[in-house]
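Below is one structure, written out as structure tokens; comments come after it.
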Amino acid sequence: MIVEEIMNTTITTLSENNSIAEAIQVMDEKKIRHLPIIDQNQQLIGLVTDRDIRDATPSIFETEELKQELQNPLKMIMKTDVITGHPHDFVEEISAILYEHRIGCLPIINHNRLVGIVTETDLLRTLVELTGAHQPGSQIEVRVPNRTGMLHEISTVIRNKNANIQSVLVYPDKKDEKYKIIVIRLQTMNPLALIEDLKKSGHHVLWPNHPGMPS
């Protein structure tokens, strides 16, 4: 999946000459936490977040000073070293960028113009959609050797039970690099018979593993 499939294209922006007070009002009205700052050519020149505003404004108890500070232009507090992405970047890549740099959003640039923005919320929503976690179903976790063909073996057992797979995730076993964990979400509310078939085929089902069930 690429970024242009999940990015927000209706972007709220301000200019560097807008005041901090205006940014606060816009962010409150739009219920957003990130404001890209653009020039007259729609080119990104900065970014302001709710944290930038909190850091730049004094305590609410300092009333007179607060009023003066809120009239300062955004160019005084905006970040100019903004990390950006491209519409054709992979979602996994930008997720890694947000994680590594500990940032909450990524403006998306195409031909030097701001065309979208991706936030942590967008990525979480995408994860939910890709995994099918918002749909009725059940989840099975199987620990398998890290070798070719294991996913095929698991899916064959599932096919023989006429179960429908909603999503598949694979991640390394942190305890032993020789193994991986296959997480399968199924369009069935009762996977017990399938679990028994997986175990009979010699597979190690980690979840669900109810009391009394053989491992």
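Derivation of every value follows stated rules applied to the coordinates shown; laboratory data play no part. Note that the structure is predicted; figures quoted are calculated from it, not measured. Here the Cβ is made from the backbone with ideal geometry for all residues, glycine too, and neighbour counts use every protein chain on show.
Here is how the numbers come out for the structure above:
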| item | result |
| --- | --- |
| Test result for residue 166, within 23 Å of residue 196 (Cβ to Cβ) and among the polar types (S, T, N, Q) | yes |
| Test: residue in the stretch 130-142 that is of a type in the set (A, V, I, L, M, F, W, C), farther than 14 Å from residue 184 by Cα and under 14 Å from the mean Cα position of the chain (by Cα) | no |
| Matching residues, the stretch 156-174, being without any contact (Cβ under 8 Å) to a residue 12 or more places away in the chain and closer than 16 Å to residue 203 by Cβ | 156, 159 |
